[in-house]
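The values are calculated or read from the model by the stated rules, or taken from the named source; none is laboratory data. Everything numeric here is computed off the predicted structure, so don't read it as measured data. Because the Cβ atoms are built from the backbone with ideal geometry, glycine has one as well, and the counts that use them run over all protein chains shown. Heavy atoms of the whole protein, side chains included, go into the accessibility calculation; ligands, DNA and RNA do not. Shrake-Rupley method; radii C 1.70, N 1.55, O 1.52, S 1.80 Å.
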Amino acid sequence: MGKSEIRNVIRELKKNIIPLVAEDSTLENNIISKVESLPQFKNCNNLLLYNSLPDEFPTNNALCRWSKHLNIYLPKVNGKNLDIIRYAPDKIMSGAFGISEPTNIEDKISPSMLDIIIVPAVAFDTNGNRLGRGKGYYDKLLGNSGALRIGIGYDFQILDILPTDNHDIRMNYIFTPTYSIHIY
């Protein structure tokens with residue numbers, strides 16, 4: 001199955017499953033606990049998280065919880081790249097693709113300053129590969145950072161194998177409510 005076909009299959013699964021689990025905060029809290037149990041999290045200063053769209057694994061609880069003791073950053077679309085902007089709850093507005101993005105662009109840092117990057121995906125495989133929405137934003141960002149790469153999602157987003165390209169960047173960890181996959 002090609003990337004487009006996988007995106008279509010997962011999109012249909014999301015339509016049926018996400019409304020059933022969207023209000024279950026135990027799923028997100030389960031993943032928060034998994035991330036917090038990593039030794040790298042205990043030493044983390046700068047963490048990139050994403051502001052979840054309705055069809056992505058939720059990050060609202062993590063954003064609220066972690067912003068109390070970590071420097072949390074969010075991505076902001078800037079042309080064909082992502083800028084990394086410090087999270088400030090009062091400086092968020094709808095941006096590219098309807099994603100809530102930071103407006104305080106003066107609080108931008110380089111991807112090389114990040115300790116951990118948590119990313120969404122359409123799908124992951126057990127080898128750490130990630131299939132995004134197809135624009136390549138995260139692959140470019142991950143290629144410019146030595147940060148620990150963590151993918152999070154729902155169980156149905158884990159596949160045995162995904163088609164990959166040379167520019168695709170693998171995850172170090174993938175967490176779903178049921179699975180904890182450590183790649184390297």
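For Asn45, the requirement of being surrounded by fewer than 17 Cβ atoms within 10 Å (Cβ to Cβ), among the polar types (S, T, N, Q) and closer than 20 Å to Leu82 by Cβ is met. Of the helices (runs of 4 or more DSSP H) lying entirely inside the stretch 1-104, the ones with 3 or more residues being farther than 15 Å from Phe175 by Cβ and at pLDDT below 90 are found at 3-21.
Kindly indicate whether Leu148 is within 18 Å of Leu13 (Cα to Cα) and either of a type in the set (D, E, K, R) or in contact (Cβ under 8 Å) with a residue 40 or more places away in the chain (or both). It is false that Leu148 is within 18 Å of Leu13 (Cα to Cα) and either of a type in the set (D, E, K, R) or in contact (Cβ under 8 Å) with a residue 40 or more places away in the chain (or both). Considering each residue of the stretch 49-59 in turn, none proves to be farther than 29 Å from Glu12 by Cα, open to solvent by 20 Å² or more (accessible area, probe 1.4 Å) and touching a helix residue (DSSP H, G or I) at 6+ places or on another chain (Cβ under 9 Å). Restricting attention to the stretch 140-157, the residues that are over 20 Å from Ile72 (Cα atoms) and open to solvent by less than 30 Å² (accessible area, probe 1.4 Å) total 2.
Within the stretch 48-68, the only residue that satisfies the criterion of being in contact with a strand residue (DSSP E or B) (Cβ under 6 Å, 6 or more places away or on another chain) and more than 17 Å from Ile85 (Cα to Cα) is Phe57. Summed over the stretch 101-137, residues that are farther than 23 Å from Thr176 by Cβ, surrounded by fewer than 14 Cβ atoms within 10 Å (Cβ to Cβ) and of a type in the set (Gly, Ala, Ser) total 2. I'd like the full set of residues that are of a type in the set (Ser, Thr, Tyr) and crowded, with 21+ Cβ neighbours inside 10 Å, limited to the stretch 60-73. Answer for the stretch 60-73, where residues must be of a type in the set (Ser, Thr, Tyr) and crowded, with 21+ Cβ neighbours inside 10 Å: just Tyr73.
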